[in-house]
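The values are calculated or read from the model by the stated rules, or taken from the named source; none is laboratory data. Worth saying up front: this structure is predicted, and the values here are computed from it rather than measured. Cβ: placed from backbone, ideal geometry, glycine included. Neighbour counts: every protein chain shown. Each accessible area value is taken on the protein alone, full model and side chains, heavy atoms only, with ligands, DNA and RNA left out. Shrake-Rupley method; radii C 1.70, N 1.55, O 1.52, S 1.80 Å.
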Amino acid sequence: MAGNRVKPFRARAARAVTFGLALTLFPGAGHAHLIETGLGPVYDGITHFALTPEDLLPALALAVLAGLRGKDHARRAIVVLPLAWLLGGVAGTLAGAPGLAAPAWLPLLVLGGLVAADFPLPAGSTTAIAALLGIVLGYANGTAMAQGGAGLRGIIGIACTVFVATTMATACAAAWQSGWLRIAWRVAGAWIAASGLLLLGWSLA
C-alpha cells in the first residue's frame, strides 16, 4: 500500500518540478556575449559554450541527472537536449533580438538540486526539462551568435559541443554509480546548486 501511495506522489512532484521550471524559464530578456577565438564561427560557438558556466553547468547537471536515472533517461537527454538547443539557437539567430531567458541561477539551482536529491523523475519529465533547457539557452546563444556575426555556424558548433558533453557526462554517470560513486555525483549536484544560490544572492544584492 505504501509503495502505491509513493508512486502517485512522485508523479505529481515530477509534474510540479517540470511545470515550475517551464514558468520560470520564460520571463525576461536574455543577454549573452559571444567569445571570439579568431578561428571561425564554429570554433567561436564551441568556445562560447565551453567557457560559459551558465550554459555548461546546467547541461552537465541535466546529463548527470539523466545518467543516474538509467539508460532510457540518458538516451532521451542525449537526443533531446542538443536538438532543442539547435532549434532554439536557430530561432534566436533568425530573431536577432533577446527574448526567452532564464535567470542564470535558476537552472543551476533546480538541476543541481535534483541531482543532489537523486530525485526519481519519470522519463517524460526528463525529456521535457531537456527540451525546455535546450530551447531557452539555445535561444540566448542564438541572439549572441547573431549579434557577434557567427550566425548559424556558431549555433552548429554549440549544438555539437552540447551533444558531445551530454553524451560523455550521461555515459559516465550511467556507468559509474555504484556505492560511493553515486554519492560523489550527488555531491557534485550539490555544488552546482550552491553556485546557483550564490548567483541568486548576487542578483538580489
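Looking for whichever is under 20 Å from residue 170 (Cβ atoms) and surrounded by fewer than 24 Cβ atoms within 10 Å (Cβ to Cβ) here; the options are 79, 64. Which one fits? Give the steps one after another, and end with the answer.
Numbers: 64 fails: surrounded by fewer than 24 Cβ atoms within 10 Å (Cβ to Cβ).
That would be 79, the only listed residue that is under 20 Å from residue 170 (Cβ atoms) and surrounded by fewer than 24 Cβ atoms within 10 Å (Cβ to Cβ).
Do we have residue 197 as touching a residue at least 12 places away in the same chain (Cβ under 8 Å), out of contact with any strand residue (DSSP E or B) (no Cβ under 6 Å at 6 or more places or on another chain) and either within 15 Å of residue 74 (Cβ to Cβ) or open to solvent by less than 40 Å² (accessible area, probe 1.4 Å) (or both) here?
On the way: touching a residue at least 12 places away in the same chain (Cβ under 8 Å): yes; out of contact with any strand residue (DSSP E or B) (no Cβ under 6 Å at 6 or more places or on another chain): yes; either within 15 Å of residue 74 (Cβ to Cβ) or open to solvent by less than 40 Å² (accessible area, probe 1.4 Å) (or both): no.
So residue 197 does not fit the description; no.
Inside region 172-182, can you point out the residues that are of a type in the set (A, V, I, L, M, F, W, C) and within 15 Å of residue 119 (Cβ to Cβ)?
Within region 172-182, just 173 meets the criteria.
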Check your understanding: Here is a list of conditions, (1) buried (at least 19 other Cβ atoms within 10 Å of the Cβ); (2) at pLDDT 90 or above; (3) not hydrophobic (A, V, I, L, M, F, W, C), and residue 143 meets all of them except one; can you say which number that is?
Key -> (2)
Check your understanding: Among the numbered criteria (1) touching a residue at least 60 places away in the same chain (Cβ under 8 Å); (2) closer than 26 Å to residue 69 by Cβ, which single criterion is violated by residue 123?
Key -> (1)
Check your understanding: What do you reckon, is residue 87 touching a Gly at 6+ places or on another chain (Cβ under 9 Å), surrounded by fewer than 24 Cβ atoms within 10 Å (Cβ to Cβ) and aliphatic (A, V, I, L, M)?
Key -> yes
Point to revise | Check on residue 188, hydrophobic (A, V, I, L, M, F, W, C), open to solvent by less than 20 Å² (accessible area, probe 1.4 Å) and under 17 Å from the mean Cα position of the chain (by Cα) | key: no
Practice item. Enumerate the helices (runs of 4 or more DSSP H) found wholly within region 48-146, keeping only those where 3 or more residues are of a type in the set (A, V, I, L, M) and over 13 Å from the mean Cα position of the chain (by Cα). Key: 71-95
